[in-house]
Structure formats: C-alpha cells, structure tokens
Amino acid sequence: VEAGTRRAVLLTDRVSGASALHPGSHIFFPDDAAVAKDGTVFFTDACEVAPAFSKVDNKFNVMEASARSLLQGPSGRLLAYYPRTKETHVLADGIYFANGVALSEDERFLVVAATYSARLYRFWIQGPKAG
C-alpha cells in the first residue's frame, strides 16, 4: 500500500520467464508472505487450481478450488519476488497446499507449511545448503 495515497500496488501476478521452475505461469492462490531485510518477498502459492468466479454472487469460489486441489495432488509452490529486478521466481514446488511461510531470524532459511500433508518444510536460502 502506498503511504501517500493508501492505494494497493500490484507487485506480481505471474512467475517471470527467467524462473527455472514454471516460467510464465499464473499465481492463483498467494497465501502468506515474509519480507527479508533486502526487500525480497517470499510467499506461497497454495495450489495451481484457479478459483472459479461466480457471476451470480460476484465472488470467487475459493472452497471449491481448495477441494479440487486436494484431489489434484501437490501443486503448491514457494516463490520469491525480487523488488530490484521486479522478477518472481519459483523456489520450490510439489507442496500439498502451501499455506504459509516464515523467515528465520538470521534469514538463512524459510519454513513452509503444507496444510494438506500436515507438514513443515525447511528451505535454505543462504549457506552451503541453499537451494
């Protein structure tokens, strides 16, 4: 949100073409974010099932998409938005409904919650285990 105007500013809605995983794909279910000191925004995309839009009640059916993603399998992802380059990259995929991310205090790793498999995963972003 811009401080002066209080307007929301879109950072990203798709993966950059330069990403090694899923280049150019849409982001359908962004869910939770953690911001590093350098401004990098780490976030999860719960699944690759797009919520259906209902013209009747003018709303997205999130519950239906969530249920379909359970049947589809692990399609959740961990992503990073880099403000200097304005690029978004997929860091990890194959997560059962990626539903949250936390950045460690020393910013060496992220913890990602996978709701449907009831697990937490560590993803190293610095040091010898990075990537």
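The values are calculated or read from the model by the stated rules, or taken from the named source; none is laboratory data. It should be emphasised that the depicted structure is a prediction, and the values quoted were computed from it without experimental measurement. Every residue, glycine among them, receives a Cβ derived from its backbone with ideal geometry; neighbour counts consider all protein chains shown. Surface accessibility is based on the protein's heavy atoms, side chains included, excluding ligands, DNA and RNA. Shrake-Rupley method; radii C 1.70, N 1.55, O 1.52, S 1.80 Å.
Per-structure values
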{"item": "FRET efficiency estimate (nearest 0.05) - Cβ-Cβ, Ala36 to Trp124, R0 22 angstrom", "result": "0.95"}
{"item": "Potential extension, Asp13-Gln72 segment - 0.36 nm per residue separation minus Cα distance", "result": "19.1 nm"}
{"item": "Per residue, in Å², the accessible surface of the chain once ligands and nucleic acids are set aside, probe 1.4 Å", "result": "62 Å²"}
{"item": "Under 11 Å, Cβ to Cβ, from Phe43 - net charge with Lys/Arg +1 and Asp/Glu -1", "result": "-2"}
{"item": "Test item: Cα-centred dipole of the chain, Lys/Arg +1 and Asp/Glu -1 on Cβ, debye", "result": "80 debye"}
{"item": "Heavy-atom accessible surface of the chain: percent carbon and sulfur, 1.4 Å", "result": "55 percent"}
{"item": "Computed lengthening from Val1 to Glu107, 0.36 nm per intervening residue step minus Cα-Cα distance", "result": "35.7 nm"}
{"item": "Around Arg108: net Lys/Arg minus Asp/Glu count, Cβ-Cβ under 11 Å", "result": "-1"}
{"item": "Restricting the range 1-101 to trypsin sites (Lys or Arg not before Pro) in coil, as DSSP defines it, with at most 11 other Cβ within 10 Å", "result": "Arg6, Arg7, Lys37, Lys55, Arg84, Lys86"}
{"item": "Mean residue ellipticity (222 nm) of the chain, computed from DSSP H runs ≥ 4 via -39,500 (n - 2.57), nearest 500", "result": "-2500 deg cm²/dmol"}
